[in-house]
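The values are calculated or read from the model by the stated rules, or taken from the named source; none is laboratory data. Quick caveat, the model's predicted, so the values are computed rather than measured. Glycine also receives a Cβ, built like all others from the backbone with ideal geometry; neighbour counts cover every protein chain displayed.
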Amino acid sequence: MYLVVATPSTLGLFAGPILPADPGRFLLIEKFVLAALILTSAGLFWKRFGIVVDKIFKSRRDPGFHLSPVGKRIWDFFWEVLCQAKVIRERPLPGLAHAFVFWSFLAFALVTLNHIATGFGIPMLAPNGLSRYIPLFADFYFLFAALFAIACVVSIAGLFIRRFVVRPVWLSRVGHELSWESGVIAGLIFALMATYLASFFVADGSLAARLLWWSHTLSLLVFLPLVPHTKHLHLILSPVTIFLSRGSFSQIPPLAGDEDFGLVTGKDLTQLVSLQAYSCVECGRCTEHCPAANTGKILNPKEVILGVRGYLNEYGPVGSSAEELLLGKYNSQEAAFQCTTCGACEFQCPVGIEHVPIIVGLRRGAVNTGAWEDDYGTKLFLAMERNSNALGLSASERDKFIQKQELPIFDGTQEYCLWLGCMGGYDPKGREIISSFVEVMRYLGTSYGVLRKEKCTGDPARRLGNDLVFQQLAESNLEAMTQQKVKKIISICPHCVRTIQEDWKEFGTPPEIEHHSEFLARHQTQLPHQKTEEKIAYHDPCYLGRYRNVYDQPRSVISSAGTLVEAERSRERSFCCGAGGGLAFLGEEHGQRVSSVRAQELVATGATTIGAACPFCNTMFRDALASQGDNSPRLLDIAQIAAMQLPKPDAKPQA
Amino acid sequence: MKIIVAIKQVPERDARIRIDAQGKWIDLQDVEFTMNESDAYALEEALQLKEAHGGEVIVLSAGPERVGRTIREALAKGADRAIHIESADETALSDFDALGIARLLAAAVKDEQADLILTGLQSDDLGLGQTGVIMAELLGLPHATLILKIEKTDTGIKVLRELEDGWFQHLALPTPAVLTIQSGNSKLRYATLMGIKKAKTKEVRIVSVADLQASNPDLAPRPVVVLEKIILPHKQRTTQILGGTPGEAAAALVEKLQFEVRAI
Amino acid sequence: MSSVLVFLEKKNDEISRISWETYAAGNELGKALGLPVDFAYIANPTGGSLPVIFGEDPQEIHVIDHPVLNVYTADGYTAAFCQLIEKVKPAFVLFPHTYQVRDFAPRLATRFGQVLISDVTGFISCGTQPRFIRQLLQGKLNAEYTHSNSGTCFVSIQSGAFRMLGPRQGSTAMGEKFTPKLEASEIRVQPGEPFRASAQTVDLNSAAILVSVGRGIKEQANLPIVEELAKVLGAELAASRPICDNGWLPMDRQVGSSGQTVAPKVYLAIGISGAIQHLVGMKGSQCIVAINKDENAPIFEVADYGIVGDLFEVVPALTAAVRKVKA
């Protein structure tokens, strides 16, 4: 087929189909040089890559890792690697540019093969090569590749300008503003594509064609050994990393036996952690969305991962050098304990790095060995040891609340167990949320009860890395629930929901549990609605949104009461309130308060009410809004919003 | 330094208070136990001294089998070994008054030749605050109470003692000595997973009360002071709202503070 | 002859109030059992007698005098008392329950093979055997104790449990001098000079009473109202987080989850609503008093005493009332 466009061909420069120029016959000496260069390049490549692979394999096995369900892995691979979905969705323009570069690499697979084959005198795709079997294959393919090459050239140029002229802060590393290696690699990619495209415009067999051929080859053979020395290692590793994810979001692995205390030294690094550390592309998407990094803390998720990589490069995962503490030269304890475990980093990562288990792992290493000496942390752990709740309050306070609200006690016969949690049981605001939710349940005639005694689910201990306290609480709670025949739980706190449903699995089989927003959404048709014009801004809690994928249910409750408005960062991009990761119980923050930043963002929507779905978010915003002055919007949990619409107590509830 | 820390396992502060059938103690069903608070500070002080000067920290406790859990907690926090004076059941020690218990404890550690014996200032349950002082007298050792800080000196130890009304004083005493430790002086450490695992390998020497008594007839319980009965006081902790004009309410409050709370 | 012997302790060279309360207890016990009451005290280094006695005339007064006793030591006091008791052979020895008594009295009792019944809040006379009441489980239970043998019974009396009796003017009690046999070499503990903690840092934990202010105070200019109350009570000033955040009071006065945790004898929460972050910092206080104009404020759930009212009226009234009592 001949393209009828204004191509060099139709302009009469060439006769024949659109193809890159044939470089001509290669001399024997050229073939030897080519072979030698290939061997050298491959050798240099393996010299470094082999070390990386060795370090990954020498790391210890991940406890609790299962390949199944494979279906999800295959889907993630297709969607995130091949379709570059996350890369594009989260940073559209640069993402698309990267996608083109990636796709052109894929598209060029045969081109490259053919290119080298040509050098050895085996013209694969030439008319008397593969095209013998598939007519016009070469014509199509080279043109197809050329289109991609154009896209790639434009994209790489754009990305180069972005990195070196625009210089977004997220791309830089602490201490190195510009990355020379990125420049070199960009240059090489550009060269590869440019030499390919240029070869369409020179005559077959000409000196120009030969020179272009060699330029292309040299670009390739210089590129190859550079890959394992730079972040471009992700070319090889990231598809594997994405395929070998832990299985669910922010999944904290179990400890493996008596000697495992978390990530203490290099010997504790697992294969997945090492693989992920070497996959990091330094794109900085994690840091860009990190609430700590955005409010002046020293925590920088990218640097945490690169810190692990630096450790592996210097000390490795085995041997006496690997006895150096992980929280030492390359990672700081202070940074590790500034994390709210919001998961924005992990969510954003386009190469499948799971930051939260790594940070929690580092915390475990510090806490389980007593290396973390923090006054507030110690106070929290002692309170959980002594009083079995994170606030250190007496259980009689909770009893008083139950009595005052006349809450039915769970006796095994009711359908649901309403879990109060530490906030619902002791915090005045949490109690209001419980009271409102109870009103709704009473209206619906739901059969429920509250446990006579509750111990904290252990969420703060879990996220801070205290496995001793967590295990004690989880086991004790599981036993109590089994004894009392608890089958289904509703909780007003996303942290309780997550910890009970996922983290308790390490010690037993937890009952089913759902968040009250899921319950409310399910019963929306049975509840009365009094919709007003009021603007209500909804804040997605980290542990409900990113952790549990519950975004629409709370919104349905809000939409039934007023006009839902979204904050600038919402849904999967919701910005943390600052309480997670046990941080609500630790002392004052450095830099700006995360809660103030988010509160301002919510106030900026112009809403007169802020809807929350987590008692911790609620308590953080309560203080932050109070400091904004008297005209600040009111703060309500969705349970309160739902309860507001119920008829007054003397009216008869509908059946 | 060889330091013995006497620790008591007490019902946790939260425990539901119901008087048992005999009327002499609380019903222990569903009651959870924990380490006595000022004993935890005594342990912390001992561990800090060991970290600074080397030596050994030995935990000493008397009570039924359940006391083992608190002993292990102390070992997990860093003590080296323990002596458990085990009583056969919940009631076996109820005939021992403070002097009787102190005699048991003193008998168990007499041969240890410790440099220091530390106890908490008082127990959260009985609150007598005497065991340490009595042990000092029985063992013929000097003692000091309400201690906040201990420093080792060439001639023995220098301690910081709390006095009333925000006053303090230093004391110098020779070792061996007995000290009772006040709460709140140091930052307690939390029990770590690593500590608990290590604790499994540490020695807990169990000595039964009966055995101690067999070798020492002095230790038979002959209580000097007898707990006859316990009663729940009428006033439970409820909020009293003081009404009237500001002046009236203020006067009522002052009266409460003076005579009921005894703070003015 | 059998008697009740009361030890009167000195504070700043004067017999302390708690000692006179103990003496009142002794008087009551003596009356109930038909026993005379003596008292004893350590002489001043400069000598001198007691100007006034608060209570009944004692049968005997023992003035214990020895240079070794000029500074308190457990060894000294124990030995001195031991000798006095051996001489007087009282049926009961009553002490005020002070830090000092807690230091030496158990040692003394042990020397007699006895046990001190400490921190007693009252007694019931059942025939010849009184039953002493003390509190268990941090005040949640009352317990009755009896003394089982015929030797001396040692008791210490809680501050405020008995009311000090009126003064007995006109008695120029001199008392009998008792000089125990003591050597300086018997004293094993060398005490240093008492000192106060440095006035620089605010240690909210050493105050018996805390006056804490919250957002109800509205403006920094209103703080003197609360400061006055604190001064008159001899209390330390504390605050909830918003006050410190605004810079109205320094951060080291903050009580709460991100500030200090306190457990004073009395915690006055003025204009504080009682959010959880504040509650966790003060819930251990022995007595919580709340003053807030919102009757639904969560602070009232944890308070022992509450006044629902405008703090701008209540606090000055309270200050005046305290001043009157202390005068």
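Structure summary
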{"read-out": "B:Leu141 being of a type outside the set (Gly, Ala, Ser), assigned to a strand (DSSP E or B) and farther than 20 Å from C:Phe154 by Cβ", "value": "no"}
{"read-out": "Members of the stretch C:25-81 that are part of a loop (DSSP other than H, G, I, E, B) and of a type in the set (Asp, Glu)", "value": "C:Glu56, C:Asp57, C:Glu60, C:Asp65"}
{"read-out": "Elements of type helices (runs of 4 or more DSSP H) contained in the stretch A:19-127, each with 3 or more residues being at pLDDT 90 or above", "value": "A:28-58, A:70-76, A:85-90, A:92-107"}
{"read-out": "Pairs with Cβ under 8 Å, 6+ apart, first in the stretch B:209-235 and in contact (Cβ under 8 Å) with a residue 60 or more places away in the chain, second of a type in the set (Phe, Trp, Tyr) and part of a strand (DSSP E or B)", "value": "B:Val225/C:Tyr145; B:Val226/C:Tyr145; B:Leu227/C:Tyr145; B:Glu228/C:Tyr145"}
{"read-out": "Subset of the stretch C:215-260 that is closer than 20 Å to B:Leu257 by Cα and among the β-branched types (Val, Ile, Thr) - its residue that is surrounded by the most Cβ atoms within 10 Å (Cβ to Cβ)", "value": "C:Val226"}
{"read-out": "Search result, residues across the stretch A:485-520 that are crowded, with 21+ Cβ neighbours inside 10 Å and small (Gly, Ala, Ser)", "value": "A:Ser491, A:Ser517"}
{"read-out": "Residue under evaluation A:Met441, criteria (1) touching a residue at least 12 places away in the same chain (Cβ under 8 Å); (2) not assigned by TED's automatic domain parsing to the domain that holds A:Ile500, criterion not met", "value": "(2)"}
{"read-out": "Filtered residue count, the stretch A:284-343, keeping only those that are among the small types (Gly, Ala, Ser), in a helix (DSSP H, G or I) and within 19 Å of A:Val356 (Cβ to Cβ)", "value": "4"}
{"read-out": "So A:Leu263, is it within 14 Å of chain B (Cβ to nearest Cβ), in contact with a helix residue (DSSP H, G or I) (Cβ under 7 Å, 6 or more places away or on another chain), on the phi < 0 side of the Ramachandran plot and crowded, with 23+ Cβ neighbours inside 10 Å", "value": "yes"}
{"read-out": "Check on B:Gly195, buried (at least 17 other Cβ atoms within 10 Å of the Cβ), in the same structural domain as B:Glu65 (by TED's automatic domain parsing), more than 21 Å from the chain's Cα centre (by Cα) and not in a strand (DSSP E or B)", "value": "yes"}
{"read-out": "Filter result for the condition that a residue is more than 26 Å from B:Leu148 (Cα to Cα), of a type outside the set (Gly, Ala, Ser) and either in a helix (DSSP H, G or I) or modelled with pLDDT of 95 or more (or both), over B:Leu104, B:Leu118", "value": "B:Leu104"}
{"read-out": "Hits in the stretch A:44-61 - residues which are touching a helix residue (DSSP H, G or I) at 6+ places or on another chain (Cβ under 8 Å), more than 21 Å from A:Pro225 (Cα to Cα) and either aliphatic (A, V, I, L, M) or surrounded by 14 or more Cβ atoms within 10 Å (Cβ to Cβ) (or both)", "value": "A:Ser59, A:Arg60"}
{"read-out": "Residue in the stretch A:559-579 that is in contact with a His (Cβ under 6 Å, 6 or more places away or on another chain) and closer than 22 Å to A:Cys493 by Cα present", "value": "yes"}
{"read-out": "The stretch B:178-213, residues that are more than 14 Å from chain A (Cβ to nearest Cβ) and touching a Ser or Thr at 6+ places or on another chain (Cβ under 7 Å)", "value": "B:Thr180, B:Ile181, B:Gln182, B:Val209"}
{"read-out": "Test: residue in the stretch C:192-199 that is of a type in the set (Gly, Ala, Ser), within 12 Å of chain B (Cβ to nearest Cβ) and assigned to a helix (DSSP H, G or I)", "value": "no"}
{"read-out": "Scope the stretch A:535-559; condition among the charged types (D, E, K, R), surrounded by 15 or more Cβ atoms within 10 Å (Cβ to Cβ) and in contact (Cβ under 8 Å) with a residue 24 or more places away in the chain; matching residues", "value": "A:Lys535, A:Asp540, A:Arg546, A:Arg548"}
{"read-out": "Failed condition for C:Ser198, given (1) in the same structural domain as C:Glu313 (by TED's automatic domain parsing); (2) at pLDDT below 90; (3) not aliphatic (A, V, I, L, M)", "value": "(1)"}
{"read-out": "Leading residue by the ranking (farthest from B:Lys24 (Cα to Cα)) among those in the stretch C:122-135 that are touching a Phe, Trp or Tyr at 6+ places or on another chain (Cβ under 9 Å) and within 11 Å of another protein chain (Cβ to nearest Cβ)", "value": "C:Ile124"}
{"read-out": "Residue within the stretch B:155-173 that is surrounded by fewer than 20 Cβ atoms within 10 Å (Cβ to Cβ), more than 17 Å from the chain's Cα centre (by Cα), of a type in the set (Ser, Thr, Tyr) and part of a strand (DSSP E or B) present", "value": "no"}
{"read-out": "Residue satisfying all of: in the stretch B:74-101; of a type in the set (D, E, K, R) and not in a helix (DSSP H, G or I); farthest from B:Gly54 (Cα to Cα) among these", "value": "B:Asp95"}
{"read-out": "Condition met for C:Leu108 (closer than 18 Å to C:Val6 by Cβ and buried (at least 20 other Cβ atoms within 10 Å of the Cβ))", "value": "yes"}
{"read-out": "Extreme residue, nearest to the other protein chains (Cβ to nearest Cβ), among residues of the stretch A:353-377 that are charged (D, E, K, R) and over 19 Å from the mean Cα position of the chain (by Cα)", "value": "A:Asp375"}
{"read-out": "Selected residue (criterion: nearest to the other protein chains (Cβ to nearest Cβ)) from residues of the stretch B:6-58 that are part of a loop (DSSP other than H, G, I, E, B) and over 28 Å from A:Asp399 (Cβ atoms)", "value": "B:Ile7"}
{"read-out": "Residue match in the stretch B:214-237 (condition: surrounded by fewer than 16 Cβ atoms within 10 Å (Cβ to Cβ), within 11 Å of another protein chain (Cβ to nearest Cβ), in a loop (DSSP other than H, G, I, E, B) and modelled with pLDDT of 90 or more)", "value": "no"}
{"read-out": "Every residue from the stretch A:167-191 that is in a helix (DSSP H, G or I) and farther than 21 Å from A:Phe102 by Cβ", "value": "A:Val169, A:Trp180"}
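Conditions (1) crowded, with 22+ Cβ neighbours inside 10 Å; (2) modelled with pLDDT of 95 or more; (3) touching a Phe, Trp or Tyr at 6+ places or on another chain (Cβ under 7 Å), marked per residue:
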position	(1), (2), (3)
A:Ala277	yes, yes, no
A:Pro291	yes, yes, yes
A:Gly296	no, no, no
A:Ile305	yes, yes, no
A:Tyr311	yes, yes, yes
A:Gly316	no, no, no
A:Ser320	no, no, no
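For every residue, the table says whether it meets (1) within 12 Å of chain A (Cβ to nearest Cβ); (2) without any contact (Cβ under 8 Å) to a residue 40 or more places away in the chain; (3) closer than 15 Å to C:Leu204 by Cα.
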position	(1), (2), (3)
C:Val266	no, no, yes
C:Lys293	no, no, no
C:Asn296	yes, yes, no
C:Val302	yes, yes, no
C:Gly309	no, yes, no
